[in-house]
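To start, the structure under review is shown below, and the notes come after it.
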Amino acid sequence: MFFWSLVLIAVGIFSSFIYGRSRIKLNSKKQGTKSKSLPNYYAQYVLMWCLFPALIVYFSWAIFQEQIIQNIVISNFEFIEGAVYNEGLLLAEIRNVANNPSFADGKSIEIINAASHYSSLRQISQISFYTSIIIIMLLGALYASQKLKPEFHAQHTIEKYIQYILIFCSSVAIFTTIGIVFSLIFESLRFFAEVSIFEFLFSTEWYPFIPIREGQTAAEGSFGAVPIFAGTFLVMVVAMCVAVPLGLLTAIYLAEYASQRVRKIVKPLLEILAGIPTIVYGFFAFVSVAPFVKAFGQSIGIDASPTSALAAGMVMGVMIIPFISSLSDDVINSVPQSLREASLGIGANKAETIKKVILPAALPGIVGAFLLAISRAIGETMIVVVAAGTAPNLTGNPFENVTTVTVQIVVALIGDQEFDNPRTLSAFALGLVLFVITLLLNIIALQIVKRYRERYE
Amino acid sequence: MSNSKILANGVDVYYGSKQALFGISMDIKEKEVTALIGPSGCGKSTFLRCINRMNDLIEICKVSGSIKVDNEEIISEKTDVVSLRSKIGMVFQKPNPFPKSIFDNVAYGPTIHGLVDSKNELEEIVHSSLKKAGLFDEVKDRLNEPGTSLSGGQQQRLCIARAIAVNPEIILMDEPCSALDPIATAIIEELIDELRLNYTIIIVTHSMQQAARVSQKTCFFHLGELIETGETNKIFTNPDNTKTQDYITGRFG
């Protein structure tokens, strides 16, 4: 149904465009004056008045139709005294019968009646949907065509409309973000209603199990997130230990030593690293790196578990190399050439110039790159899910199993869960903390990078 | 000819396939100011940057021919560029102090070349260099402030102090006053006159008045060729070449 209505709208906007174009030409010829804007702008004006009201009707129908029909069907349903009904199941049954009459066998007369009521309502709805789309398009076109006079500045109006459209598009992302934040906050509040915020932030026991049966007391959950944050921090530190030296030295090589040709090949190659799906990194960490870490741990006498902070951190470090190298490379490149010349002109060699002039000048930007990489690292999920384990260990030993915030969110949400127990809700509290931390890091990083830019431009 | 400091012979420079300098030969005397003049794009800066091998920084730039500094060939693979550049200081068109303190800006050269053994010695060099550049009195109370906080003219003198702190014999100046106002320019010109007593100076300038005021020798470049070279007085009053005549009287350029 909705496909054909799209065709209808397409036909409508096409004909309204043609109509607007020919109408303005006719009108200006009649008046003997040249129109203020080009004919296409008048045509677009009619088109917009035709299209947008129709779209509004279209979407409101798509959103509300089913709900309204269901409400009418239910409110007219002949409930039998004394029987217990589940509204959801009842509706599903009615819909099934309506869509497929062969299901009607053996159903009660009330259901069959309701199903035919449902089908007729849908038919009415469809007919009124098409009629209202056609009417609204005609009304729009009619309103617009009143304005099709040569002295009307169609171009100005169109530009204003386009601005509204652009504002609408950009606000979609903003409202989505706000929506996400609010859903995080409200669900977290539900969590903190059951678990105290002090226990969550300061207790060191993470044991997120809740009684499955009524009266089962053996497993009382405890929600101290400290080991989770510690695990996240440990993995992040390992990752930065890998990524900072490799990324920074790569950036220095690319910006200062590599020839144009090498740079042109190496930089995109590095950026491919950033494009590898993180789950692929995850099984690389689990299949290749983790056994190596375990073997290495054993060879130096440390008992390493098959999944470890070290394995996950190392691979995560490789993953964020391009963030650091690419951003630092840009920052180093934007250090003015005149500073290089000044240093070399005094007789400094390349290494001295880089160490004493270029890196200090680029430092704020490089720190900004580090912070962005950190926020990427602590938000990363798949690598740690696969390679870091799920045990909430409070440990500083990178050979041990640890777990991170993102892993615990995955664990909490996997499986058939109702959103009414603290175990599932803990995911939102963890998500909220993660969100706040990465948001702060991003803000600080962007501020640093911005201040640095201002200094040279 | 004994006091010839720089001797260039048949210097050609190519940027990729485009030739920028055509067989430049020049003899620069010790402790004199030589001005290189000519219209934009004539190759005077390119030539200046050959003398301390600054053109090495440009990947596509190829230099051939011979330049001898103190009778030593410098257009060669074997040249020690670092020690060459410590002997030849350079001041650039736009003042380019490091984003460090005034003191550290001047101390940079002596430190990397290991010219000093103690903090006192370093301080002495920094102070005397700032004095020679005529900046000391203006900044002596704020040596720890960033060099970028100074005015344009002060920054340029700071760059001169930075260059002379490593005790060079030659100073190359690439339009050192083009970004400065007339008063700052006058101060720098006065300074150049003083520095002439101790250093050999080569200055690229767009201002013919400046060339006439500060230099003893003048070389006129046009389209990558050295048209005429001689005593500044003679070039500006009675040049041999009609192109030089046209340029200094403002008929083109």
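The values are calculated or read from the model by the stated rules, or taken from the named source; none is laboratory data. Because the structure is predicted, anything quoted here is derived from the model rather than measured. A quick note on method: Cβ atoms are made from the backbone with ideal geometry, for glycine too, and the neighbour counts reach across all protein chains shown. Ligands, DNA and RNA are excluded from the accessible area calculation, which covers all protein heavy atoms including side chains. Shrake-Rupley method; radii C 1.70, N 1.55, O 1.52, S 1.80 Å.
Which of the residues belonging to segment A:162-198 are among the aromatic types (Phe, Trp, Tyr) and under 28 Å from the mean Cα position of the chain (by Cα)? Don't jump to the end; show me each part of the working.
To start, the set of residues in segment A:162-198 that are among the aromatic types (Phe, Trp, Tyr) comprises A:164, A:168, A:175, A:182, A:186, A:191-192, A:198.
Once the filter is applied, which keeps residues that are among the aromatic types (Phe, Trp, Tyr) and under 28 Å from the mean Cα position of the chain (by Cα), segment A:162-198 yields A:TYR164, A:PHE168, A:PHE175, A:PHE182, A:PHE186, A:PHE191, A:PHE192.
Checking the conditions here, which among A:GLY379, A:GLY365 is over 30 Å from A:PHE200 (Cβ atoms) and either in the same structural domain as A:PHE284 (by TED's automatic domain parsing) or touching a Cys at 6+ places or on another chain (Cβ under 6 Å) (or both)?
Numbers: A:GLY379 fails: over 30 Å from A:PHE200 (Cβ atoms).
Being over 30 Å from A:PHE200 (Cβ atoms) and either in the same structural domain as A:PHE284 (by TED's automatic domain parsing) or touching a Cys at 6+ places or on another chain (Cβ under 6 Å) (or both) holds for just one of A:GLY379, A:GLY365, which is A:GLY365.
Do we find a residue being within 14 Å of another protein chain (Cβ to nearest Cβ), β-branched (Val, Ile, Thr) and touching a residue at least 40 places away in the same chain (Cβ under 8 Å) anywhere in segment A:382-394? First the steps, then the outcome.
From segment A:382-394, those within 14 Å of another protein chain (Cβ to nearest Cβ) are none; that's our starting set.
No, every residue in segment A:382-394 fails to be within 14 Å of another protein chain (Cβ to nearest Cβ), β-branched (Val, Ile, Thr) and touching a residue at least 40 places away in the same chain (Cβ under 8 Å).
Report, by residue number, each residue of segment A:239-258 that is surrounded by 15 or more Cβ atoms within 10 Å (Cβ to Cβ) and without any contact (Cβ under 8 Å) to a residue 12 or more places away in the chain.
Passing the criteria: A:TYR253, A:ALA258.
Would a scan of segment B:85-101 turn up a residue that is open to solvent by 30 Å² or more (accessible area, probe 1.4 Å), away from chain A (no Cβ under 13 Å) and touching a helix residue (DSSP H, G or I) at 6+ places or on another chain (Cβ under 7 Å)?
Scanning segment B:85-101, I find no residue that is open to solvent by 30 Å² or more (accessible area, probe 1.4 Å), away from chain A (no Cβ under 13 Å) and touching a helix residue (DSSP H, G or I) at 6+ places or on another chain (Cβ under 7 Å), so the answer is no.
Return yes or no: is B:SER149 away from chain A (no Cβ under 11 Å) and over 27 Å from B:PRO182 (Cα atoms)? Before the answer, list the steps.
On the way: away from chain A (no Cβ under 11 Å): yes; over 27 Å from B:PRO182 (Cα atoms): no.
Against the criterion (away from chain A (no Cβ under 11 Å) and over 27 Å from B:PRO182 (Cα atoms)), B:SER149 does not qualify.
Restricting to segment A:296-350, what's the tally of residues that are in a loop (DSSP other than H, G, I, E, B) and either within 14 Å of another protein chain (Cβ to nearest Cβ) or under 30 Å from B:ILE171 (Cα atoms) (or both)?
Of the residues in segment A:296-350, the ones in a loop (DSSP other than H, G, I, E, B) are A:300-308, A:334-336, A:346-349.
So of that shortlist, the ones also either within 14 Å of another protein chain (Cβ to nearest Cβ) or under 30 Å from B:ILE171 (Cα atoms) (or both) come out as A:334-336, A:346-349.
So the count comes out to 7.
When segment A:22-43 is examined, which residues are found to be open to solvent by 60 Å² or more (accessible area, probe 1.4 Å) and closer than 11 Å to A:ALA154 by Cβ? Break it down into steps so the answer makes sense when it comes.
Taking segment A:22-43 and keeping what is open to solvent by 60 Å² or more (accessible area, probe 1.4 Å), we get A:22-23, A:25-26, A:29-34, A:36, A:38, A:40-41.
Hits for segment A:22-43 are A:LYS36, A:LEU38, A:ASN40, A:TYR41.
Which of the residues spanning segment A:300-325 are over 24 Å from the mean Cα position of the chain (by Cα), open to solvent by 50 Å² or more (accessible area, probe 1.4 Å) and at negative phi?
Selection gives A:ILE300, A:ILE302, A:ASP303, A:PRO306, A:MET314.
Take segment B:157-206 and flag every residue that is among the β-branched types (Val, Ile, Thr), touching a Ser or Thr at 6+ places or on another chain (Cβ under 7 Å) and either surrounded by fewer than 19 Cβ atoms within 10 Å (Cβ to Cβ) or over 14 Å from B:GLY89 (Cβ atoms) (or both).
Matches in segment B:157-206: B:VAL204 only.
State whether the residues of segment B:68-84 include one that is crowded, with 17+ Cβ neighbours inside 10 Å, within 11 Å of another protein chain (Cβ to nearest Cβ) and touching a Leu at 6+ places or on another chain (Cβ under 8 Å).
no
If you scan segment B:1-55, which residues turn out to be in contact with a helix residue (DSSP H, G or I) (Cβ under 8 Å, 6 or more places away or on another chain), over 17 Å from B:GLU73 (Cα atoms) and among the β-branched types (Val, Ile, Thr)?
Those that are in contact with a helix residue (DSSP H, G or I) (Cβ under 8 Å, 6 or more places away or on another chain), over 17 Å from B:GLU73 (Cα atoms) and among the β-branched types (Val, Ile, Thr): B:VAL33, B:ILE37, B:THR46.
Output the number of residues of segment B:46-62 satisfying the condition of being under 16 Å from A:LEU344 (Cβ atoms) and open to solvent by 20 Å² or more (accessible area, probe 1.4 Å). Give the steps one after another, and end with the answer.
Of segment B:46-62, the ones under 16 Å from A:LEU344 (Cβ atoms) are B:48-59, B:61.
After this cut, where a residue has to be open to solvent by 20 Å² or more (accessible area, probe 1.4 Å) as well, the list is B:49, B:53, B:56-59.
Count: 6.
I'd like the full set of residues that are within 16 Å of B:ILE160 (Cβ to Cβ) and either more than 9 Å from every other protein chain (Cβ to nearest Cβ) or touching a strand residue (DSSP E or B) at 6+ places or on another chain (Cβ under 8 Å) (or both), limited to segment B:106-129. Give the steps one after another, and end with the answer.
Of the residues in segment B:106-129, the ones within 16 Å of B:ILE160 (Cβ to Cβ) are B:106-110, B:125-129.
Within segment B:106-129, B:VAL106, B:ALA107, B:PRO110, B:ILE125, B:VAL126, B:HIS127, B:SER128, B:SER129 qualify.
Looking at segment A:259-271, which of its residues are open to solvent by 50 Å² or more (accessible area, probe 1.4 Å) and touching a residue at least 40 places away in the same chain (Cβ under 8 Å)?
Selection gives A:GLU271 alone.
Out of all the residues in segment A:367-379, is one or more of a type in the set (Phe, Trp, Tyr) and part of a helix (DSSP H, G or I)? Walk me through how you get there before you give the answer.
First pass over segment A:367-379, keeping only residues of a type in the set (Phe, Trp, Tyr): A:370.
Keeping just the survivors that are part of a helix (DSSP H, G or I) gives A:370.
Taking every residue of segment A:367-379 in turn, at least one turns out to be of a type in the set (Phe, Trp, Tyr) and part of a helix (DSSP H, G or I).
Please specify each residue of segment B:207-253 satisfying the condition of being in contact (Cβ under 8 Å) with a residue 40 or more places away in the chain, in contact with a Pro (Cβ under 9 Å, 6 or more places away or on another chain), open to solvent by 50 Å² or more (accessible area, probe 1.4 Å) and at negative phi.
Of everything in segment B:207-253, just one residue is in contact (Cβ under 8 Å) with a residue 40 or more places away in the chain, in contact with a Pro (Cβ under 9 Å, 6 or more places away or on another chain), open to solvent by 50 Å² or more (accessible area, probe 1.4 Å) and at negative phi, namely B:PHE252.
May I ask you to verify whether A:SER60 is modelled with pLDDT under 90, within 24 Å of A:ALA98 (Cβ to Cβ) and in a helix (DSSP H, G or I)? Break it down into steps so the answer makes sense when it comes.
Values: modelled with pLDDT under 90: yes; within 24 Å of A:ALA98 (Cβ to Cβ): yes; in a helix (DSSP H, G or I): yes.
When the stated conditions are applied, A:SER60 passes them.
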